[in-house]
Amino acid sequence: MASTSLSFPSFQIHLRSSKRSSSSSKPSTCRFSTRPIKITASVSEKPSVPVPPLQPTAVPSEPPSKQPIQKIPGNYGLPFFGPIKDRVDFFYNQGRVEYFQSRVQKYQSTVYRANMPPGPFISSNPNVIVLLDGKSFPILFDVTKVEKKDLFTGTYMPSTELTGGYRVLSYLDPSEPSHAKLKQLLFFLLKSSRDKVIPEFHSSYTELFETLESELAGKGRANFSDANDTAAFNFLSRSLYGTNPADTKLGLEGPKLISLWVLLQLAPILTLGLPRPVEELLLHTFRLPPILVKKNYQRLYDFFYAAASSGDVLDEAERLGISREEACHNFIFATCFNSFGGMKILFPNLIKWIGRAGVKLHAQLAEEIRSAVRSNGGKVTMAALEKMPLMKSAVFEVFRIEPPVPFQYAKAKKDLIISSHDATFEVKEGEMLFGYQPFATKDPKIFYRSEEFVADRFVGDDGEKMLKHVLWSNGPETQNPTVGNKQCAGKDFVVLASRLMLVELFLRYDSFEIEVESSSVTITSLKRASF
């Protein structure tokens, strides 16, 4: 659940590239023989809610550079035509990675000027200063120096008609009075649901694995991504609101309704694989009208209002000075856009990278996870999870190598000096800063074998020190969300859910094989646990 991020510039539908991968393990006929595991959430292990500061919080920065100030290279081209050319390069001629990398090579700099989509006519000003290294990138988190108002999706903001007429938390800067109240409300929601997270995850993802096994038995392959959508929405609804969607009028349609609603918000920065002229006109030049999803959104609103009313979170909203209606629209965005959107991307990424790593890593994870659970009396608890250093490291490595929120934006509050590894630059007040996170978190001057998935990268004292360079949550992993910053309110919730994903997987299976195409992950074999 993110207060500023998940999901998501990364909630993208991109159907133009494909990769296939599978591990080398073979299906096994070994019978499932592990003893039952109790799934509990210990009251004594409740995570604490951050105490909010009264002032915006700054991200520790590097000491001032002694390098001479240089002019930022690059340009924006001719008005109107320059942004359109860059947009076509970004989506079609080059693609995202080459768009950034080619300009790094051209300017011999990881900091330069360029345009970011969508440009005319949706975005009034597509001009940005691009930050592509791990040293300059963190300036985007320092809300004492930059502003985050209305910059969640980038150089444009979707219509508030899509969020009940409200600017929800993700679009608020910490300097705005409503920001602290709404973020504190999300902290309350998370705190009130903490006892339900572990058992409800177990319940929801047991259903997912049973679905995958059934599909494998009937078809020889199973689509993880589709099954994960259902499991993720069920988990969030049950754990955060104590409501099972299948028992309501919403039924099983939640994930489909959410996807259409998110599409209208992110269409200007998506490509769907349609013919270029169609996409350029339909998605990138004019906004899709909110009326297309008005009825769908009303169904989501009715579901969440009824679910939230069954607990005390709406009462807490009123105590904080937030109307029940505004609170509900924020719950929808935080749950559906941020959390569901994040799990929709993050969990397939987990399966993809762990699956590609092969049977050796699978065996190591299975041994570590099962040993820790057995030593904890057969219970999956917070304490047991802390005894799994390889599992924790593998999760952080997925966040590093393919962060679920690739884009970050901020506007300079004042004249700034920023530094890359090689140069120092001056940024003027009001200029837009943009960071493409996968470049920053794969910075070869910070991480060895930066382009490789190294599961044990963050194990041990030296490994844990590198967590400050893991930035997926709109802030360093070593820092915590507060009402004074824009770090993801549900940072710890998302990390916990990701860890539980691997724990449930390797309590149940020794190994698995996959195929990956675009954003879709298909399971081709599951080897049941043999020890």
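The values are calculated or read from the model by the stated rules, or taken from the named source; none is laboratory data. Since the model is a prediction, treat every value here as computed from it, not as a measurement. So basically every Cβ, Gly included, is an ideal-geometry build from the backbone, and we count neighbours across all protein chains shown. Accessible surface is based on the protein model in full, side chains and every heavy atom, while ligands, DNA and RNA are left aside. Shrake-Rupley method; radii C 1.70, N 1.55, O 1.52, S 1.80 Å.
For the range 372-401, name all the residues that are of a type in the set (D, E, K, R) and in contact with a strand residue (DSSP E or B) (Cβ under 9 Å, 6 or more places away or on another chain).
Lys379, Arg400
Any residue in the range 358-368 that is of a type in the set (A, V, I, L, M, F, W, C), outside any helix (DSSP H, G or I), surrounded by fewer than 22 Cβ atoms within 10 Å (Cβ to Cβ) and in contact with a helix residue (DSSP H, G or I) (Cβ under 9 Å, 6 or more places away or on another chain)?
No, the range 358-368 contains no residue that is of a type in the set (A, V, I, L, M, F, W, C), outside any helix (DSSP H, G or I), surrounded by fewer than 22 Cβ atoms within 10 Å (Cβ to Cβ) and in contact with a helix residue (DSSP H, G or I) (Cβ under 9 Å, 6 or more places away or on another chain).
Count, please, the residues in the range 227-243 that happen to be open to solvent by 40 Å² or more (accessible area, probe 1.4 Å) and free of Cβ contacts under 8 Å to residues at least 40 places away in the same chain.
Total meeting the criteria: 1.
When you go through (1) more than 25 Å from Leu270 (Cα to Cα); (2) open to solvent by 20 Å² or more (accessible area, probe 1.4 Å); (3) in contact with a strand residue (DSSP E or B) (Cβ under 9 Å, 6 or more places away or on another chain) one by one for Asp492, which number turns out not to apply?
(3)
Restricting attention to the range 475-531, which residues are closer than 25 Å to Lys465 by Cβ, touching a Lys or Arg at 6+ places or on another chain (Cβ under 7 Å) and either modelled with pLDDT under 95 or in a helix (DSSP H, G or I) (or both)?
Correct list: Arg499 only.
Specify which of the listed residues (Ser124, Ser159) is among the hydroxyl-bearing types (Ser, Thr, Tyr), modelled with pLDDT under 95 and open to solvent by 10 Å² or more (accessible area, probe 1.4 Å).
Being among the hydroxyl-bearing types (Ser, Thr, Tyr), modelled with pLDDT under 95 and open to solvent by 10 Å² or more (accessible area, probe 1.4 Å) holds for just one of Ser124, Ser159, which is Ser124.
Conditions tested, residue by residue: (1) over 16 Å from Ser339 (Cα atoms); (2) outside any helix (DSSP H, G or I).
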{"site": "Glu161", "(1), (2)": "yes, no"}
{"site": "Gly165", "(1), (2)": "yes, yes"}
{"site": "Phe201", "(1), (2)": "no, no"}
{"site": "Thr211", "(1), (2)": "yes, no"}
{"site": "Ser214", "(1), (2)": "yes, no"}
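Take the residues of the range 196-227 that are in contact with a helix residue (DSSP H, G or I) (Cβ under 9 Å, 6 or more places away or on another chain) and of a type in the set (Ser, Thr, Tyr): which is nearest to Val516 (Cα to Cα)?
Ser225
Do we find a residue being open to solvent by 10 Å² or more (accessible area, probe 1.4 Å), under 29 Å from Val104 (Cα atoms), outside any loop (DSSP other than H, G, I, E, B) and of a type outside the set (Val, Ile, Thr) anywhere in the range 315-326?
Among the residues of the range 315-326, not one is open to solvent by 10 Å² or more (accessible area, probe 1.4 Å), under 29 Å from Val104 (Cα atoms), outside any loop (DSSP other than H, G, I, E, B) and of a type outside the set (Val, Ile, Thr), which makes the answer no.
Might you check whether a residue that is under 22 Å from the mean Cα position of the chain (by Cα), open to solvent by 10 Å² or more (accessible area, probe 1.4 Å) and more than 30 Å from Arg194 (Cβ to Cβ) occurs anywhere in the range 501-510?
Scanning the range 501-510 turns up no residue that is under 22 Å from the mean Cα position of the chain (by Cα), open to solvent by 10 Å² or more (accessible area, probe 1.4 Å) and more than 30 Å from Arg194 (Cβ to Cβ).
Scan the range 416-424 and give yes if some residue there is out of contact with any strand residue (DSSP E or B) (no Cβ under 9 Å at 6 or more places or on another chain) and within 19 Å of Ile198 (Cα to Cα), otherwise no.
Among the residues of the range 416-424, not one is out of contact with any strand residue (DSSP E or B) (no Cβ under 9 Å at 6 or more places or on another chain) and within 19 Å of Ile198 (Cα to Cα), which makes the answer no.
Of the residues Phe399, Phe434, Phe447, which single one is assigned to a helix (DSSP H, G or I), open to solvent by less than 40 Å² (accessible area, probe 1.4 Å) and not aliphatic (A, V, I, L, M)?
Phe399
Being of a type in the set (A, V, I, L, M, F, W, C) and in a helix (DSSP H, G or I) is the filter; apply it to the range 217-226 and report the residue that is surrounded by the most Cβ atoms within 10 Å (Cβ to Cβ).
Phe224
Answer yes or no as to whether Glu98 is surrounded by fewer than 21 Cβ atoms within 10 Å (Cβ to Cβ), acidic (Asp, Glu) and without any contact (Cβ under 8 Å) to a residue 24 or more places away in the chain.
Yes: the conditions hold for Glu98.
Just the residues that are of a type in the set (Val, Ile, Thr) and surrounded by 17 or more Cβ atoms within 10 Å (Cβ to Cβ), please, taken from the range 259-286.
Those that are of a type in the set (Val, Ile, Thr) and surrounded by 17 or more Cβ atoms within 10 Å (Cβ to Cβ): Val262, Ile269, Thr271.
Go through (1) touching a residue at least 24 places away in the same chain (Cβ under 8 Å); (2) open to solvent by 10 Å² or more (accessible area, probe 1.4 Å); (3) more than 19 Å from Asp443 (Cβ to Cβ) one by one and return the number of the condition Asp461 breaks.
Every listed condition holds for Asp461 apart from (1).
Are any residues in the range 303-312 in contact with a helix residue (DSSP H, G or I) (Cβ under 6 Å, 6 or more places away or on another chain) and either over 18 Å from Cys336 (Cβ atoms) or open to solvent by less than 10 Å² (accessible area, probe 1.4 Å) (or both), and if so, which ones?
Passing the criteria: Phe304, Ala307, Ala308.
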